[in-house]
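A.B. asks: My questions all concern the structure below.
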Amino acid sequence: MSDLRTAIERATPRRKRWPWVAGAVAVLLVAGGGFALTRGDASTGRAAVAGAPVHGGTLQFALIDYQRSPDPQWGTNYAESLIGNNVTDKLTWQDPDTGEVTPWLAESWEYNKDLTEFTFHLRRDVTFSDGSPFDSEVVKANFDQYVHGDEKLGINPNGAILLPGYIETLTPDRYTAVVRFEKPLASFLQASSFTANAQPGFLSPSTLKLSAEERTDPKKVIGTGPFVYESWQPQVKTVLVRRKGYNWAPPALKHRGEAYLDRIVFNTIPEASVRTGSLTSGAVDATLDVGTTDEKPLADQGFKIIYRGVSGTSIFFNLNSRLFPTDDIAVRRAIQLGWDREAIRKTVLTGSYSVATSVLAPSVPGYVDYSGSVLRYDPEEAGRLLDEAGWKEGPDGIRVKDGRKLVVKLLGISNLVANKPAYESIQQDLKKIGIDLRLTVVPIPDYTALLTKAKTDWNVVAANRSRNDPAVLNLQYGPALGNGSFVTKESPGIDVDEVTRTLGRLELTLDPATRKQYAKAAQDLLLDKYALVNPVYNPSQVIAHADHVHGIIFDAQSRNHFVDTWKSNGK
Amino acid sequence: MLRYLALKIGRALFVVWAAFSLTFVLLFVLPADPVDLLFDPAEVNAVPPEVREQVAAGYGFDRPVILQYLTRLGHALTGDFGTSVQSGRPVVPTILDVLPSTLLLAAGALALALVIAFVIALAATSARRAWVRDLVEALPSGAVSVPVFLSGILMLQIFSFRLGWFPAFGDRGARSLVLPLITLAIPVSGPIAQLLVRSFATEFRSGYVTTSWAKGATRGGIIVRDVFRNAGLPALTIAGITFGNLIAGSVITETVFARQGVGRMTQAAINTLDVPLVQGTVVLVAAGFALINLIVDLIYPLLDPRLRAALATGRAA
């Protein structure tokens with residue numbers, strides 16, 4: 001049959017030449033695409049025009065996350081805290097450089113000797129964007145709901161972790177608020193300026209009455225901040241517009257009056273290459289979440305890279321003090337000494353990041369540099385410590401003691417790009433001195449799941465904690481609180497009471513000199529005396545922006561404020 | 001006929017129920033606790049137990065699992081999937097908000113995929129030279145093999161960042177739909193094109209085509225008038241697979257192009273163990289899947305006289 005068909009077809013003359021035409025079109029398309037890809041970008045020739053701030057314009061900002069709700073008092077990601085900071089204000093402002101707590105919505109404050117009562121004297125000219133006044137009743141209503149939540153409204157106790165032992169807020173007069181705690185809480189002063197996840201930003205009484213569901217209408221989420229919500233589109237973007245009549249930026253910022261920008265659009269762009277491509281093509285003015293490998297190419301193309309280390313602790317290895325083999329202090333010390341900091345600095349980190357020199361980030365008041373002492377690379381000393389403790393080299397190069405191998409199991413989060421390569425570098429170095437570090441570096445949900453068995457299953461938990469106050473050490477390592485190193489009676493050679501006392505003291509004073517001394521004692525104890533933690537590196541929040549953008553502020557928690565931001569072209 | 005109908009509908013309902021129950025089981029077998037994910041991961045170990053209990057009670061996570069299942073099932077039957085753990089919004093409006101974007105993307109991509117598939121099949125059938133035919137026939141497997149995120153990013157690089165013809169992200173009217181449509185249509189067109197190429201080839205060799213040749217019809221005329229009609233029908237049979245491809249592709253397409261949609265929302269909901277939201281979307285997708293297969297099962301007899309005859313004599317499939 002097919003012969004017949006072919007025969008019939010062959011009998012008709014060939015007329016069409018379409019395969020050649022189609023082929024030519026295909027070649028042209030591929031070539032054109034290639035040309036477009038490789039063609040140099042000639043559009044970036046803007047000159048930097050610094051000088052007097054220009055009013056007006058829309059800032060197109062890109063970031064990886066989106067707000068799951070416009071309510072700034074809850075949230076666990078960066079978009080939520082970042083946007084919340086520009087819609088609400090806090091009682092105080094922590095200076096990102098000095099760590100000093102300075103006035104904001106509170107003009108002044110005092111506290112009792114026990115540090116259980118904090119009295120704030122409020123500014124009198126502050127209003128919410130719905131016109132209602134900001135006063136002590138509002139502070140009380142906010143703190144009450146923030147700490148206790150409201151089951152009927154579906155509001156979680158978002159502030160319960162930040163303000164442990166909160167009793168009540170008293171309102172002796174309209175502009176005085178007294179916040180009371182069960183126990184001394186020196187870190188509350190810094191907490192009153194807190195700008196990270198689940199922050200104590202003030203919402204108007206009309207917003208506080210709303211249920212969690214009603215708060216997903218952004219127009220009903222009312223704050224006192226320099227911007228107000230215009231729209232919120234989950235997964236896509238949040239748009240803020242300038243608040244008319246705003247005149248209470250933190251005095252430390254020296255910004256008077258309203259924000260310069262008319263509007264900010266926070267565009268959620270999950271893909272790294274799309275964020276950088278949007279920046280270079282001019283679709284956005286600035287982008288957060290710049291990957292370590294993108295920094296240099298963007299800088300070479302004339303974009304400005306700005307960054308700030310994430311405040312609080314460094315990325316740390318918390319060493320489990322009650323689980324074999326990290327219950328042996330020789331092993332813990334060997335881990336501290338056994339890895340090459342310089343290798344990580346060169347191969348994993350960029351100039352925006354730094355190798356950890358303490359468990360505290362350098363920006364935290366009371367930070368002490370240990371790079372010359374316990375946190376140095378000294379494989380010989382590490383080997384000697386292990387030899388002395390009876391760890392003998394086994395046939396495969398991994399040390400053995402009493403028939404048990406020196407295997408250290410690590411649980412970490414893969415959310416930061418530098419984490420895994422940094423841990424792998426440490427893994428290689430430790431292998432050379434006979435320690436087998438096994439890595440389990442997973443996304444956040446898996447991490448939280450595995451973390452429930454951290455006490456009995458994991459020698460090392462690798463994470464970090466964002467809080468620009470030395471009391472973060474008590475929250476993270478205090479045996480009755482976070483207990484990061486699982487210090488218990490079963491931890492050999494560790495005096496639990498001493499740890500509790502030494503870390504707990506950080507909550508007992510706000511005198512800068514005494515606090516500094518306590519912070520040093522706490523770091524000495526954690527890093528040197530008991531070697532409970534091996535700090536690795538200090539992560540950073542990195543922004544790349546076009547050079548017509550000015551005045552993006554990183555606060556003490558490394559979140560951004562846009563009240564002082566302007567664009568030279570004013571568009 | 002009635003029995004056929006009841007059987008098919010029963011099967012569709014079973015699929016939806018099974019999807020609902022399976023997701024529930026999976027989410028509870030997973031070791032992660034949805035309550036933990038409401039807190040900063042670095043602070044999870046510092047959450048006081050009473051706070052954790054209060055939050056768990058707020059969402060009903062503290063009750064026995066079987067009771068939670070029955071309550072959820074009962075509510076789901078009335079169309080109430082509860083409230084999203086992460087946003088506090090009811091699940092149904094949350095899904096309905098983003099559904100139009102995904103439907104638009106999926107419908108457009110499907111239309112484009114069909115066009116691409118038919119063009120490939122027609123080109124392969126009408127090609128006289130063997131090498132051209134081989135080349136065209138290799139396109140479907142090529143289309144399936146290219147990862148969506150790669151083709152999406154490549155397309156963005158060329159048409160958004162370099163040429164500036166289309167916006168790179170977000171939902172900004174028709175122009176922002178072009179690149180995602182093409183990106184999603186390419187892998188979806190693959191299986192359809194493959195099926196069409198094969199059935200076109202089969203039909204092209206059948207007796208009635210030879211008759212047409214003998215009557216003096218041109219190659220183009222035969223393909224359009226005779227082959228096209230008969231060979232197009234089998235594409236319907238893989239409507240289910242196509243739907244699956246569209247849903248899977250939309251997760252990545254929506255992520256690369258930063259569009260809102262059901263795919264991306266499901267991914268986020270799974271990452272945060274947002275049980276009610278995951279169940280809502282899974283049931284929606286399962287219902288869509290079952291409905292499409294049901295429709296295909298029901299209309300196929302109408303289109304194919306042979307199957308109609310078989311049904312009439314009572315030999316139901």
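A.B. asks: Given only helices, namely DSSP H runs of n ≥ 4 each adding -39500 (n - 2.57), what is the per-residue ellipticity at 222 nm of chain B, to the nearest 500 deg cm²/dmol?
C.D. replies: -23500 deg cm²/dmol
A.B. asks: Now for a different question. Calculate the translational D of region B:2-77 in whole µm² s⁻¹ from Stokes-Einstein, where the hydrodynamic radius comes from the Kirkwood formula applied to all Cα pairs, the temperature is 20 °C and the viscosity 1.002 mPa s.
C.D. replies: 143
A.B. asks: Could you tell me the extents of the protein assembly as shown's C-alpha atoms along the three principal axes, largest first, rounded to whole Å?
C.D. replies: Each principal axis gives a Cα extent; for the protein assembly as shown these are 107, 75, 65 Å.
A.B. asks: Further question: So if I take the centroid of the Cα atoms in region A:279-321 and the same for region A:194-212, what is the distance between those two points in Å?
C.D. replies: Cα centroid of region A:279-321 versus Cα centroid of region A:194-212: 29 Å apart.
A.B. asks: Related question: Tilt of helix B:65-77 relative to the longest C-alpha principal axis of chain B, in degrees (0 to 90, nearest 10)?
C.D. replies: 50
A.B. asks: Using a 10 angstrom Cβ neighbour count of at most 15 plus a DSSP loop assignment to flag exposed trypsin sites (Lys or Arg not before Pro), which longest range of chain B is free of such sites?
C.D. replies: With trypsin sites (Lys or Arg not before Pro) excluded where exposed in loops, chain B gives B:1-127 as its longest stretch.
A.B. asks: Shifting gears a bit: Relative contact order of region A:312-538: what whole-number percent is it, with Cα pairs under 8 angstrom and at least 6 residues apart?
C.D. replies: The normalised contact order for region A:312-538 reaches 35 percent.
A.B. asks: Same structure again: So for region B:179-276, what percent of the C-alpha to C-alpha distances run longer than 18 Å?
C.D. replies: Distances greater than 18 Å cover 61 percent of the Cα pairs.
A.B. asks: Going out from 0 in 10 Å bins, what whole percent of all Cα-Cα distances in chain B drops into each bin?
C.D. replies: Per 10 Å bin, starting at zero, the Cα-Cα P(r) for chain B comes out as 5, 20, 24, 24, 16, 7, 3, 1, 0 percent.
A.B. asks: Here's another thing I want to ask about it. Which of the residue pairs A:Lys453/A:Lys489; A:Lys90/A:Lys220; A:Lys183/A:Lys220; A:Lys401/A:Lys432; A:Lys409/A:Lys529; A:Lys113/A:Lys140 have a Cα-Cα distance greater than 26 Å in the structure shown?
C.D. replies: Where the Cα-Cα span goes over 26 Å, the pairs concerned are A:Lys183/A:Lys220.
A.B. asks: On to the next question. I want the local charge near A:Thr276. Using Cβ-Cβ distances under 11 Å, sum +1 for each Lys or Arg and -1 for each Asp or Glu among the other residues.
C.D. replies: Cβ neighbours under 11 Å give a net charge of -3.
A.B. asks: Which whole-number percentage describes the relative contact order of chain A, with Cα contacts under 8 Å and a sequence gap of 6 or more?
C.D. replies: For chain A, the relative contact order is 20 percent.
A.B. asks: Please compute one quarter of the surface area of the Cα convex hull for region A:471-528 and express it in square nanometres.
C.D. replies: Across all orientations, region A:471-528 yields a mean hull projection of 3.6 nm².
A.B. asks: Right, here's the next one. Between the DSSP loop rule and a limit of at most 12 other Cβ atoms within 10 Å, which chymotrypsin sites (Phe, Trp or Tyr not before Pro) in region A:45-126 are left?
C.D. replies: For chymotrypsin sites (Phe, Trp or Tyr not before Pro) across region A:45-126 that sit outside H, G, I, E and B with at most 12 neighbouring Cβ atoms in 10 Å, the list is empty.
A.B. asks: Another question about this same structure. Add +1 for every Lys or Arg and -1 for every Asp or Glu among the other residues with Cβ under 14 Å from the Cβ of A:Lys455, and state the total.
C.D. replies: +1
A.B. asks: If you project the alpha carbons of region A:349-486 onto their three principal axes, what span does each projection cover, largest first, in Å?
C.D. replies: For region A:349-486, the Cα spread along each principal axis is 46, 37, 33 Å.
A.B. asks: Calculate, in nm to one decimal, what B:Val119 and B:Val146 gain on full extension: separation in residues at 0.36 nm each, minus their alpha carbon distance.
C.D. replies: 7.8 nm
A.B. asks: Among the chymotrypsin sites (Phe, Trp or Tyr not before Pro) in region B:108-174, which ones are in a DSSP loop with at most 14 other Cβ atoms within 10 Å of the Cβ? Mind listing them?
C.D. replies: For chymotrypsin sites (Phe, Trp or Tyr not before Pro) across region B:108-174 that sit outside H, G, I, E and B with at most 14 neighbouring Cβ atoms in 10 Å, the list reads B:Trp165.
A.B. asks: Ok, one more. Between region A:219-258 and region A:472-512, what is the C-alpha centre distance in whole Å?
C.D. replies: Cα centroid of region A:219-258 versus Cα centroid of region A:472-512: 39 Å apart.
A.B. asks: Restricting attention to region A:162-212, which trypsin sites (Lys or Arg not before Pro) occupy a DSSP loop and are surrounded by at most 12 other Cβ atoms within 10 Å?
C.D. replies: Sparse-neighbourhood loop trypsin sites (Lys or Arg not before Pro): A:Arg174.
A.B. asks: Determine the relative contact order of chain B: mean sequence separation of Cα pairs under 8 Å and six or more apart, normalised by residue count, in whole percent.
C.D. replies: 28
A.B. asks: Note down the net charge around A:Thr195, summing +1 for each Lys or Arg and -1 for each Asp or Glu among other residues with Cβ under 14 Å from its Cβ.
C.D. replies: In short, -2.
A.B. asks: Something else now. Of all DSSP beta bridges in chain A, what percent run antiparallel (nearest 5)?
C.D. replies: Once the DSSP bridges in chain A are tallied, antiparallel ones form about 75 percent.
A.B. asks: Taking the Cα centre of each part, how many Å lie between region A:49-103 and region A:341-370?
C.D. replies: One Cα centre to the other: 25 Å.
Read-outs throughout are calculated quantities, based only on the coordinates presented, and are distinct from any laboratory measurement. Given the structure is predicted, the values throughout are model-derived calculations rather than measurements. Here Cβ is always computed from backbone atoms with ideal geometry, including for glycine, and neighbour counts include all displayed protein chains.
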